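Below: one structure, written as structure tokens.
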Amino acid sequence: MRVLILGIGNLLWADEGFGVRVVQALERRYAFPPNVTLLDGGTQGLGLIPYVQACDTLVIADAVDFRQEPGSLLQAVDDEVPQYLSSGKLSLHQVSFQEVLALCRLMGQGPSRLCVVGVQPVLLEDYGGSLTPQVKAQLEPAMARILAYLQSLGIAAGPRDESPSDAALDMDVYERLRPSAQQACRIGDARLLDGSR
């Protein structure tokens, strides 16, 4: 069974980066069997087709609009997933990923099992911002849900002896080095937004 754990999102837009942060944390802390691939899918959209085609089980971590309380963590599996994917715009990149799944199915390829672990975002319009505290608090529970789902398929992950690190994308480094909201406007330059100069 080929398993793909896919983090979708944009680290530059606050809670939109949740899925990527989940996959980074899983990769940093756990060792998986060779049949399990972890992938930062970012906002690649149709570029993800080859990866989705090649897996039997697809686990997606993402910030998703389930129309629940902000910061809520939810899980959808198999037949439940399309109803969320087709019920309006769920995220900044969802339409493209919907197309990825549809195109793979048209070609008779792609996963037979599907699981989405998603958080209801609190804030997306914060360019350069990190995860909000409510969403950051869901990183551990999201990882636990993904690990439990894999366990239900007979796939166990163990603790990693040595953590791979990409310091440029590390959340702690990102939060420490990014300019403050006073130094760098996160929603656009007010001088230009209101038409004055």
message: Name the residue from Leu48, Gln24, Gln68 whose Cα lies farthest towards the positive end of the charge dipole of the range 1-89, charges +1 on Cβ of Lys and Arg and -1 on Cβ of Asp and Glu.
response: Gln24
- line: Rounded to the nearest 10 Å², the accessible area of Thr37 using a 1.4 Å probe with every protein chain kept is 70
- request: Any chance you could run the full-extension gain for Ala31 through Arg105? It's 0.36 nm times the residue separation minus the Cα-Cα distance, nm to one decimal.
  value: 23.6 nm
query: Largest first, how would Met1, Met171, Met143 line up by accessible area (1.4 Å probe)?
result: Met1, Met171, Met143
task: State to the nearest 20 debye the size of the charge dipole of the range 1-90 about its Cα centre, where the only charges are +1 on K and R beta carbons and -1 on D and E beta carbons.
output: 260
query: Could you give the nm distance between label points at Ala137 and Ser152, where each point is 7 Å from its Cα heading toward the beta carbon?
result: 2.5
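The values are calculated or read from the model by the stated rules, or taken from the named source; none is laboratory data. Note that the structure is predicted; figures quoted are calculated from it, not measured. Reconstructed Cβ throughout: ideal geometry from the backbone, glycine too, with neighbour counts over all protein chains shown. The area values use the complete protein model at the heavy-atom level, side chains included, leaving out ligands, DNA and RNA. Shrake-Rupley method; radii C 1.70, N 1.55, O 1.52, S 1.80 Å.
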